[in-house]
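To start, the structure itself, in structure tokens.
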Amino acid sequence: MSMTEIRELGKGGFGVVHEVITESGEHVARKTYCVAQNFSNTPETDALLKPRFLREAKLQSGISHRNVVPILKKELEEDPPYFLMPLAESTLEKDLHKDKTLGGNFLSAIMDIIAALEEIHPLKIYHRDLKPGNVLRFEDAADPRGHYYAISDFGLVALKQTQVSMLTQVGMKMTSDFYTAPEITSDLSKGSPQSDIYSIGCILHEMVGLESRIPCGEIHEGSLYGPILLSCTRKDPTRRFKSISALRDSLLEFSTQNDPMSTDSGVDMFDLLSGNKELTELEWVGVIDAIERDIKSNDATQLLRALTIDRLEEVMATYPVMASRIGRIYADWVRDGTFVFSHCDVYANRLEKIFFNSEIDLKADILMALLFLGTSHNRWYVERKFLTLLDGSEQLLLKRLAVEFRADDERVCAAIAHMEASIDFDRSSLPSILAATLKGICS
């Protein structure tokens, strides 16, 4: 393919990125295999690094997610091999230099990174080189911010454990120690969800940090986000957040702690949910009563936000009848609510947790809540979660869901049409009973 180089965008140990114009006049980013000067360009080096570059291209092209930069085209048989990606508007690194809080929307950027990691971690894929320079910004008129962030540069993901020691011997040094977990600076095979979580903690510190930090060290600060920063960057990986979802949940909890409660009973219930003690049955009754007293009040909203996954697991394990009651309230709240864009994934994860411990009628309510939440907020992550849960549903649940589809006919038709436009989905792929129901209610 004939291309015209415009400018160099960046260069690493194994590749160089240029803005290029294709034959069709499209501006894209081209990453080309290139051994940097800090490596001795020997046959041994090339034998290791080139396959790594090829595998990076193949692996990244196999991930289809809004918050992972896609591969548009790859020419891996060329000499040198290269691949094409969409051209970003900027990087998180450049944006933070202009405004460390991103106009107050810093959590939305963190949530975009988390969404990407939540996609790849279940596949046992760990980035290992997360930093602001590897997080790219793309325009999106449908996003309330007018843009979104996606992670790129999957070079260290592509390393097999057997390659790590050899790579060190030929002179590979981590260039991102300011964001890299201490356990992988000398041994990349120790990459894990917790090593990526460490990097997120460092990136978050760039946005909210009050003090300087030491590379590869723990972050100790007395700020609002101090506990989050420390739980991300503990030197012992086992003491960090157990998963990306747990980090997301805690971020939502901390980001809403400053909203005041309006009643004394609300304060008492919020303190209970925010504490470390397991709640008694009577205390759970108090929480539910405080929410149901005025479901549209600020107090109810704060209490629903404070129902973390850990709290939901607790009530489901100890008081299942109470958990079912909470689940119905939560599904109704999410179904018709308007939320900060970055919070949608948190609420979807909580609904999923409730889903697997529910009766058929509540499962149907949860699926409808996910459908409307994802499509009304244009949140791909939530839309895909709806489809994933639907895919494993039993026939009786599908029949119940068909009834719900008919009850919300016009809204369901609009939601399904939106989902077809936003993600790789076709209504004909739905279970036959739902596809037939849509055919009957949608003109």
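Derivation of every value follows stated rules applied to the coordinates shown; laboratory data play no part. Every value quoted in this text rests on a predicted model; they were computed, and no experiment measured them. Positions of Cβ are generated from backbone atoms using ideal geometry, with glycine treated the same way; all protein chains shown enter the neighbour counts.
A few comments on the model shown:
- Cα long-axis angle, helix 244-255 against the chain (0 to 90 degrees, to the nearest 10): 60 degrees
- 0 to 90° range, to nearest 10: angle between helix 344-355 axis and the chain longest Cα axis: 60 degrees
- The chain - mean residue ellipticity at 222 nm from DSSP helices (-39,500 (n - 2.57) per run, n ≥ 4, rounded to 500): -16000 deg cm²/dmol
- About the Cα centre, charge dipole magnitude for the chain (Lys/Arg +1, Asp/Glu -1 at Cβ), debye: 860 debye
- For the listed residue pairs K50/K74; K31/K73; K58/K131, the alpha carbons are over 19 angstrom apart in K58/K131.
- Sum of side-chain charges, L430 neighbourhood, beta-carbon under 12 Å (Lys, Arg +1; Asp, Glu -1): -1
- For the stretch 90-252, the fraction of C-alpha pairs farther apart than 28 angstrom is 17 percent.
- Axis angle, to the nearest 10 degrees, between helix 432-441 and the longest C-alpha principal axis of the chain: 70 degrees.
- Between K50 and K242, the C-beta separation translates, for a Förster distance of 30 Å, into a calculated FRET efficiency of about 0.25.
- Gyration tensor verdict on the stretch 370-443 (Cα atoms; rounded if a/c is under 1.5, prolate if a/b is larger than b/c, oblate otherwise): oblate
- Highest mean packing first, where packing is the average number of other Cβ atoms within 10 Å per residue, the peptides 195-208, 139-152 line up as 195-208, 139-152.
- Cα pair count fraction exceeding 31 Å, expressed as % - the chain: 48 percent
- Paramagnetic reach from I360 (point 7 Å along Cα→Cβ, amide N under 19 Å) across the stretch 420-443: 431-438
- Put simply, the C-alpha atoms of the stretch 283-381 give a gyration tensor, and the ellipsoid matching it has half-axes of 20, 16, 12 Å, longest first.
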